[in-house]
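To keep things clear, I will list the structure first and then write my remarks on it.
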Amino acid sequence: PYHLMTSKESDQNLFNITELNGLPISAAVYHKEPTIDNRVEYTYDLPGELKITKRYTFHNSNYTIDLQIELTNLSKSNKAVAYTLVGPSQIDRSGQIDKRFTNGGFFLNGHIQWLKLPKPARTVEVPGSPEWVTLRNARYSIILIPGQPGALVQVQGVKDAKGGQNWLWSIKTKKQILSPGSSGTQKYTLYAGATMESELTPLGDRKSVGEG
């Protein structure tokens, strides 16, 4: 095994929901449901308001993880819901080679666009609706593929555990209206593994190899 993450901050962890309808919940404690085969499920309740269900599906044959986020309206009235999800962030930059070859970018309209590392606390909004976003060092890549278009994608400069600069991608979803008792589900795919054409081509991310 290897470590892609270097941060201990909950609001910088992969796949963490940092806010829901403007309410900060990055430190929320989820309840783990029984594991079924290669699927792990966690739930978090806001009594009388919303229930969050996160379903992770792990694939032993590759480096991908599928995530379903289901929001259920527990209230007695219609509710507009939106959340912010942490994407690729805090990749290991401890070595000189990794510092030199760390890149962050997004894929839009058939092309990769690479961005400079923002200064700490500075946030940059990505134009359009990228098909995926990536963060890579000299050996490994973290790639997030949203299952639905239209989300606002942002990248922010943050401090890592050693005081250096690092990247933090996030996705702010569009509002969806849930009637009482109803649920809405959004899907994501995360790749966290070696930067190799053989692994990335099936995901449609081959262009992230050897560019930048």
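Note that the range 29-126 presents 55 Å² accessible area per residue, ligands and nucleic acids not counted, probe 1.4 Å. Would you tally the net charge around residue 172, using a Cβ to Cβ cut-off of less than 13 Å, leaving residue 172 out, and scoring K and R as +1, D and E as -1? That sum, taken over residues with Cβ under 13 Å, equals 0.
Mean residue ellipticity, 222 nm, helices only, the chain: the sum of -39500 (n - 2.57) across DSSP H runs of n ≥ 4, divided by residue count and rounded to 500, is -1000 deg cm²/dmol. Amide H to amide H distances under 5 Å link residue 75 with 181, where only residues 5 or more positions off or on other chains count and H is placed in the peptide plane. Ordering 37-50, 135-148 by mean Cβ neighbour count within 10 Å, with the highest value first, yields 135-148, 37-50. With a sphere of radius 12 Å drawn around the Cβ of residue 98, what net charge do the other residues whose Cβ falls strictly inside it have (Lys, Arg +1; Asp, Glu -1)? Taking every other residue near residue 98 into account, the sum is +3. Dipole orientation for the range 39-164: of the candidates 47, 63, 77, 63 has the Cα lying most toward the positive pole (charges on Cβ; Lys, Arg +1; Asp, Glu -1).
Evaluated at q = 0.11, 0.12, 0.17, 0.19 Å⁻¹, a Debye calculation over the C-alpha positions of the range 67-158 (equal weights, vacuum) places log10 I(q)/I(0) at -0.40, -0.46, -0.81, -0.96.
Solvent-accessible area assigned to carbon and sulfur over the chain amounts to 50 percent, based on a 1.4 Å probe.
Among 170, 26, 183, the largest mean-square fluctuation in a Gaussian network model of the chain, built with springs joining Cα atoms closer than 10 Å, belongs to 183. Placing +1 on the Cβ of every Lys and Arg and -1 on the Cβ of every Asp and Glu, with nothing else charged, gives the chain a dipole about its Cα centre of roughly 480 debye. Rounded to whole numbers, the Karplus 3J(HN,Hα) couplings from phi for the range 52-62 are 9, 10, 10, 10, 9, 10, 9, 10, 5, 8, 8 Hz, using 6.51 cos²θ - 1.76 cosθ + 1.60 with θ = phi - 60°, and x at Gly and Pro. Taking all Cα pairs closer than 8 Å and separated by 6 or more residues, the relative contact order of the chain comes to 23 percent. Across all directions, the shadow cast by the convex hull of the chain built on its C-alpha atoms averages 12.0 square nanometres.
Normalised by the number of residues in the range 10-74, the average gap of Cα pairs under 8 Å and 6 or more apart makes the relative contact order 20 percent. Per-residue 3J(HN,Hα) values for the range 64-74, derived from phi via the Karplus relation 6.51 cos²θ - 1.76 cosθ + 1.60 with θ = phi - 60°, read 9, 10, 9, 10, 10, 10, 10, 10, 10, 7, 9 Hz in sequence order (x marks Gly and Pro). Placing +1 on the Cβ of every Lys and Arg and -1 on the Cβ of every Asp and Glu, with no other charges, gives the range 28-106 a dipole of roughly 220 debye about its Cα centre. Projecting the Cα atoms of 111, 142, 121 onto the charge dipole of the range 103-162 (Cβ charges, centred on the Cα centre) puts 121 farthest toward the positive pole. Largest GNM mean-square fluctuation among 121, 151, 161, using the chain with Cα springs under 10 Å: 121.
The values are calculated or read from the model by the stated rules, or taken from the named source; none is laboratory data. Model, not experiment: these values are computed from the prediction. Here Cβ is always computed from backbone atoms with ideal geometry, including for glycine, and neighbour counts include all displayed protein chains. Each accessible area value is taken on the protein alone, full model and side chains, heavy atoms only, with ligands, DNA and RNA left out. Shrake-Rupley method; radii C 1.70, N 1.55, O 1.52, S 1.80 Å.
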